[in-house]
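The values are calculated or read from the model by the stated rules, or taken from the named source; none is laboratory data. If you're wondering where the values come from, they're calculated on a predicted model, not measured in any experiment. Every residue, glycine as well, gets a Cβ built from its backbone with ideal geometry; the counts of neighbours run over all protein chains shown.
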Amino acid sequence: MGSRNSLTKLVALPRPSKKVWVALGLLGIGAVVTLVLLWSRDEPLPPYGTSVGLRAPEFALVALDGKKVALSDYRGQVVLVLFWQSTCPDCGKALPEARRLWEKYRRRGLAFLGINLDHDPQTAIQYLQSQGYTDQLTLWDSFEAAMGVVTLYEVPYVPFFLIVDRRGILRFRGVYPAVPTEAELERWL
């Protein structure tokens, strides 16, 4: 058996020079300054309101599946909101357009919230099933609660579209046939 020293030899590494330490320090300072500049570039959030460019007011409704859903649950995603009713002929045209956009962009962070304005949730459920839209998140809660969101957002008619960006800022408002374009969505995704 050899001695313990022969089994574990320590290798002495040369000490870094002052120049190396100065260079590492400058790199660290540069990284901190860069991060501060990037963070300070974010514009402050605007006030809450229902006009494009303002922060979208918070709302929460219960989905047709019983789960409570709030707009703030989707912070960090772009949210396409559609107010609709199953007996509205134009809603029958707007809903497929909203779904087309959602299906194309959901992997890139687009969420889709349908806010249904039927008096009875079964009417909405039957309509969605008849159209094959079984994977869609539709909010209802109660007719009164849904109408509260209509009032909050000053929705004049249905179908009505909103886009809320990742920071919670309204970027689009429109009554069908005004539909968010792919170019508008691309801008916020």
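Condition check for A183 on (1) modelled with pLDDT under 95; (2) exposed (fewer than 13 other Cβ atoms within 10 Å of the Cβ); (3) outside any helix (DSSP H, G or I); (4) not aromatic (F, W, Y): one failure, at (3).
When you scan segment 122-136, do you find a residue that is within 17 Å of A56 (Cα to Cα) and within 19 Å of the chain's Cα centre (by Cα), even just one? No. Note on segment 103-142: residues that are among the hydrophobic types (A, V, I, L, M, F, W, C) and under 16 Å from P180 (Cα atoms) amount to 4. Applying the condition of being among the charged types (D, E, K, R) and at pLDDT 95 or above to segment 20-60 and asking which residue is farthest from T138 (Cα to Cα) yields R55.
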